[in-house]
1. Whether any residue in the range 28-51 is under 28 Å from Val126 (Cα atoms) and either touching a Gly at 6+ places or on another chain (Cβ under 6 Å) or without any contact (Cβ under 8 Å) to a residue 40 or more places away in the chain (or both) is what I want to check.
2. Could you check the range 54-80 and list, in sequence order, the residues that are surrounded by fewer than 18 Cβ atoms within 10 Å (Cβ to Cβ) and of a type in the set (Val, Ile, Thr)?
3. Can you tell me which residue in the range 98-124 is most open to solvent (accessible area, probe 1.4 Å), limited to those that are of a type in the set (Lys, Arg) and outside any loop (DSSP other than H, G, I, E, B)?
4. Looking at (1) open to solvent by less than 20 Å² (accessible area, probe 1.4 Å); (2) assigned to a loop (DSSP other than H, G, I, E, B); (3) polar (S, T, N, Q), which is the only condition Ser34 fails?
5. Residue check: is Glu127 of a type in the set (Asp, Glu), crowded, with 16+ Cβ neighbours inside 10 Å and touching a residue at least 40 places away in the same chain (Cβ under 8 Å)?
6. Go through the range 52-72 and report how many residues are β-branched (Val, Ile, Thr) and closer than 18 Å to Gly90 by Cβ.
Amino acid sequence: MGTNLAEIRARHAHRRLNGRPFFVSERYWPVFQSFLSSDRTLAEVGSEFGFSAERVRQIVHELDVQLGLPRETPREWQQITANSPVEDLGISVRIVHRLKEAGAHVVEDLLRLDLERLSIGEASRVEVLEALEKWGYKIGGGRPRELKRLVDQLRQLRRRIDEDFRSWTTRVETMESRIRRLSKAEEKL
């Protein structure tokens with residue numbers, strides 16, 4: 001991460017964006033704005049949003065890169081266009097790197113790629129196709145039946161993971177509550 005934080009603050013101090021650009025995470029935008037609008041430390045910003053100072057540094061650098069990507073028209077700040085950087089699709093960094101290695105730097109390049117020949121896994125292919133479909137783009141005129149089945153399975157798996165996570169969170173919170181009660185009871189003795 002070659003750019004220092006003072007340079008990032010200076011670079012974005014003049015920029016007055018009306019709202020969060022669509023390609024920036026809703027969760028990270030307030031962190032970035034808080035960092036830019038104050039002289040607080042990374043730790044202070046992090047404590048406000050529940051992140052470590054190192055994670056705030058990563059968020060600031062990631063958004064600096066995203067905001068610095070070339071955008072030729074004001075429309076590209078509001079939606080995906082053929083000239084939008086592939087990073088704007090919201091796909092994982094690993095997949096973005098693979099796409100760039102294959103020569104796809106903007107959406108138009110990606111639409112020309114044969115994803116079947118690209119050395120990415122099936123779940124990564126699904127992630128790319130879902131991101132493109134979200135913005136109204138299709139590769140190859142539609143999905144094969146197998147790909148649709150995989151997408152459905154992936155959605156079901158994500159739903160089950162979310163349900164399990166909530167269940168485990170409840171269990172952990174219950175145990176923590178019991179520990180606090182027992183600790184307080186022992187202190188009284």
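1. As a first pass, look at the range 28-51 and keep what is under 28 Å from Val126 (Cα atoms): 28-29.
So of that shortlist, the ones also either touching a Gly at 6+ places or on another chain (Cβ under 6 Å) or without any contact (Cβ under 8 Å) to a residue 40 or more places away in the chain (or both) come out as 28-29.
Within the range 28-51 (the criterion being under 28 Å from Val126 (Cα atoms) and either touching a Gly at 6+ places or on another chain (Cβ under 6 Å) or without any contact (Cβ under 8 Å) to a residue 40 or more places away in the chain (or both)), the answer is yes, since at least one residue qualifies.
2. Listed by number, the residues that qualify are Val65, Thr73.
3. If we filter the range 98-124 for residues that are of a type in the set (Lys, Arg), which is where we start, we get 98, 100, 112, 117.
After this cut, where a residue has to be outside any loop (DSSP other than H, G, I, E, B) as well, the list is 98, 100, 112.
On the way: Arg98: 82, Lys100: 68, Arg112: 170 Å².
The qualifying residue most open to solvent (accessible area, probe 1.4 Å) is Arg112.
4. Checking Ser34 against (1) open to solvent by less than 20 Å² (accessible area, probe 1.4 Å); (2) assigned to a loop (DSSP other than H, G, I, E, B); (3) polar (S, T, N, Q), the one that fails is (2).
5. On the way: of a type in the set (Asp, Glu): yes; crowded, with 16+ Cβ neighbours inside 10 Å: yes; touching a residue at least 40 places away in the same chain (Cβ under 8 Å): no.
So Glu127 does not fit the description; no.
6. Filtering the range 52-72 for residues β-branched (Val, Ile, Thr) gives 56, 59-60, 65.
Still in the list and also closer than 18 Å to Gly90 by Cβ: 59, 65.
Adding up the residues that qualify gives 2.
The values are calculated or read from the model by the stated rules, or taken from the named source; none is laboratory data. No experiment lies behind these values; they were computed from the predicted model shown. Here Cβ is always computed from backbone atoms with ideal geometry, including for glycine, and neighbour counts include all displayed protein chains. Quick note on the areas: whole protein, heavy atoms, side chains included, nothing else; ligands and nucleic acids left out. Shrake-Rupley method; radii C 1.70, N 1.55, O 1.52, S 1.80 Å.
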